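Comments concern the structure below.
No value in this document is a laboratory result; all are computed from the given coordinates. Keep in mind that this is a model prediction, so the values were computed, not measured. Ideal geometry is used to build each Cβ from the backbone, glycine not excepted, and the neighbour counts take in all protein chains shown.
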Amino acid sequence: MASIPDLDGSYTLLGESRGPVEGQTLEVISPVDGSVVGRVHEFTPEEIETALTAAAEQQPVWAEQPLDARARILARAADVLESRADELAELLVMEVAKARKDSRDEVLRSADFIRFTAEEGKRIVGDAQFSDAFPRQSRNKLSISYRAPLGVVLAIPPYNYPINLAVSKIVPALVAGNAIVVKPPTQGSLAGTKLVDAFREAGVPPAVVQAITGRGSRIGDLLVLHPRVDMVSFTGSTETGQSLAKKAAMIPLQLELGGKDAAIVLSDADLEATADDIVSGAFAYSGQRCTAVKRVLAVGDVADELVALLAERIGTLTVGDPRDDVAITPLVDAASAQGAVQMTEAAVAKGARLVLGGTREGNLVAPTLLDHVTPDMDIAWVEPFAPVLPIIRVANAAEAVRLANQSEYGLQAAIFSRDVDVAMHVALALDVGTVQINGKTARGPDHFPFIGTKSSGMGTQGVRYSIEAMTRVKGMVFNMRPLDLETVS
Ligand code: NAP
Ligand code: G3H
């Protein structure tokens, strides 16, 4: 794969192709086998200036195009993406070690997202109100408001969905008339660059959709603090998101950050179905999902049976190379794998019972189930972003809710119970963006609202919600003078 010519650090600036620049390229190393998947260009401060200036200048031209024309161009991008599904999926397999089928699904889900959003963009309508709804006003003013683009949106997606979480920022921004500049995650920047190419090929002008590659730690501040950036849509770790939020003053932010989603299992739950959901919720993409089930809070009288059912299922998960379409693949880097194993060992040292796993070979962490985890263990609170599932035994629903809400995170939670009343009460008491009732935690379908409370984020994602987040209300008021139509000829 390293020999593919356009993965050699060549890049485009405003549509002009440029060759690799010595000393300005970044190697993307595969977590699968340590090979160099390819190289990307590290944008210089001068190039960033050029790119953002052009984006700001060309954005009004893009916004002037009829909305239907913009939507058609975007729909074409979905076709281009689909036609490249295999090529892009291969890149994801090697860049982020996502299993081949899941990688392909990510590309196809993104194409669906583009089409849906292009259509939805046409249905974002404004509002009209007369003045006399307010006390002591007469009917002499009419306010008309609509949604105007913000200008240049900066999109920063994470490595775990380099295509899908880029598309979920690019398309709402573009359909609403913004220009968009994407800073792809370094791990995923080859796929991210090719994604941006697809939008250009479909007809989005080169200044209006751009990829600016380089390490976040080196170029992040230049982008976030740039005066031409009118909004930042970031998905990634809470640490990076919080530091970015302190810098980006006076511009809107959409932050989708970390999570420690709890699955609460009550004594009347359908345990077989619950175990299926928990295992796929916790171990899909080896636990590297913000929405993964990251702890189970099970009431004591069903905990033994639940743990046995979970162990049975986890024991059948295939482990290995993402090219073989296995369930558990190598983590993105060795530090993550080492951190997960250390956290497991620390829990065992404090009295947790290791039911399965707890080992690693390089970046590959064996699917791990820990029982009898207690609140004094890090694994009860920290997000490992790895295939490690802790079980915390609780006395009742109240204790489960207390422990769930004690987390610094508030992305999602799941409640498993056959009693709808109980499930509703628990759902209302949970301080998270979304509660899944009798289902695993997950973001999609992508038109649903996706929200994080506390350290899990700010603002709402999801097709319509993202379009709204990337626009502002623009108002006009007609001031009507009193008029007698009898006098008008
Ligand atoms: P990350 O390290 O925070 O990186 C996310 C993105 O930020 C990458 O593109 C990264 O670029 C960039 N970045 C790094 N430092 C930056 C800086 N100083 N300024 C601007 N950008 C910077 O997170 P990650 O490891 O990719 O993703 C894992 C985390 O994301 C987990 O905590 C997970 O829960 C969270 N996540 C949340 C959601 C959600 O929707 N709530 C979705 C997915 C992931 P480089 O790659 O070049 O460093
Ligand atoms: O990693 C965070 C993603 O937003 C999770 O999306 O629930 O579709 O895997 P997902």
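Worth a mention:
- Annotation for the range 397-414 versus the range 242-285: alpha-carbon center distance of 11 Å.
- Computing FRET efficiency as 1/(1 + (r/R0)^6) for R215 and E408, where r is the C-beta to C-beta distance and R0 is 30 Å, gives about 0.65.
- H447-S17 pseudo-label distance in nm [points 7 Å out on the Cα-to-Cβ vector]: 3.9 nm
- Three-way shape call for the range 66-211 based on the alpha-carbon gyration tensor, with the a/c threshold at 1.5: prolate
- Cα gyration tensor of the chain - equivalent ellipsoid semi-axes, whole Å, descending: 41, 32, 18
- The spacing between the range 314-343 and the range 68-93, judged by their C-alpha centroids, is 29 Å.
- Pair-distance distribution of the range 1-156: all C-alpha pairs, bin width 5 Å, starting at 0; shares per bin in whole percent are 2, 7, 10, 12, 15, 15, 13, 9, 5, 3, 3, 3, 2, 1, 0.
- Rounded to the nearest 20, the size of the Cβ-charge dipole of the range 37-99 about its Cα centre is 260 debye, with Lys and Arg at +1 and Asp and Glu at -1.
- Between V420 and Q338, the FRET efficiency estimated from the beta carbon spacing at R0 = 41 angstrom works out to 0.40.
- Top positive-direction residue, dipole computed over the chain with Cβ charges, set G362, S35, A54: A54
- Checking the Cα-Cα distances for K122/K474; K183/K474; K454/K474; K169/K246 against a 26 Å cut-off, the pairs over it are K183/K474; K454/K474.
- Electrostatic dipole magnitude of the chain [Cβ: Lys, Arg +1; Asp, Glu -1; Cα centre; debye, to 20]: 1360 debye
- The residues neighbouring A118, those whose beta-carbon lies less than 9 Å from its own, together hold a net charge of +2 under the Lys/Arg +1, Asp/Glu -1 convention.
- Inter-label distance for L225 and T44, nm, one decimal - labels placed 7 Å from Cα along Cα-to-Cβ: 2.0 nm
- Take every DSSP beta bridge whose two residues both sit in the chain; close to 45 percent of them are antiparallel.
- Calculated over the range 262-437, the projected area of the Cα convex hull averaged across directions stands at 9.1 nm².
- Using θ = phi - 60° and Karplus 6.51 cos²θ - 1.76 cosθ + 1.60, couplings along the range 120-131 (whole Hz; Gly, Pro as x): 4, x, 6, 9, 7, 10, x, 8, 10, 9, 7, 6
- Estimated dipole of the range 262-437 in Debye, rounded to 20 [Cβ of Lys and Arg +1, of Asp and Glu -1, Cα centre]: 360 debye
- Global geometry of the range 248-333, whether rounded, prolate or oblate, following the gyration tensor of its Cα atoms and the 1.5 cut on a/c: oblate
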